[in-house]
Amino acid sequence: VQLQASGGGLVQAGGSLRLSCVVSGIGSSATHMDWYRQAPGKQREFIARSFAGGDTDYVASVKGRFTISRDITENTVYLQMNSLKAEDTAVYYCNAQTGPYTFWGEGTQVTVSS
């Protein structure tokens, strides 16, 4: 199983980025897909989930600004990030959960300049 995240970069505050995570080796339709992030000196935190059944969930700090979605045909989960703030600066990670297993991808750096 492999997860490949991409789409990070440097953006000014108020700007937007879209992260992608391509999953290979498992069927994305049967998995929950999450995005996490880890800022320097802080613990990795959950920010968004796409449930296998279609529901979504967000941490309060990104609700209304970030949108998680998935393309089952392409086995890809996206994180659309709008109205970015300096405090969104972090390495962003995707994971996939299927049954008792959780798989992580390598992160992608998002830097928001104020």
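For this structure, a couple of remarks:
- Global geometry of the stretch 1-54, whether rounded, prolate or oblate, following the gyration tensor of its Cα atoms and the 1.5 cut on a/c: prolate
- On the chain, 47 percent of the accessible area sits on carbon and sulfur atoms, based on a 1.4 Å probe.
- Measuring nothing but how far apart in sequence close Cα pairs (under 8 Å, 6+ apart) lie, relative to its length, the chain scores a relative contact order of 37 percent.
- Accessible surface computed residue by residue for the chain, with neighbouring protein chains in place and a 1.4 Å probe, gives 52 Å² per residue.
- Overall form of the stretch 75-114 per C-alpha gyration tensor (a/c, 1.5; a/b vs b/c): prolate
- Dipole axis of the chain (+1 Lys, Arg; -1 Asp, Glu on Cβ), positive-most option in ALA13, TYR93, THR56: ALA13
- A simple spin-label model places the labels of ASP55 and ALA86 3.7 nm from each other, with each point 7 Å out along Cα-to-Cβ.
- Cβ charges +1 (Lys, Arg) and -1 (Asp, Glu), total dipole of the stretch 1-110, debye: 220 debye
The values are calculated or read from the model by the stated rules, or taken from the named source; none is laboratory data. Keep in mind that this is a model prediction, so the values were computed, not measured. Virtual Cβ from ideal backbone geometry, glycine too; neighbours counted across all protein chains shown. Ligands, DNA and RNA are excluded from the accessible area calculation, which covers all protein heavy atoms including side chains. Shrake-Rupley method; radii C 1.70, N 1.55, O 1.52, S 1.80 Å.
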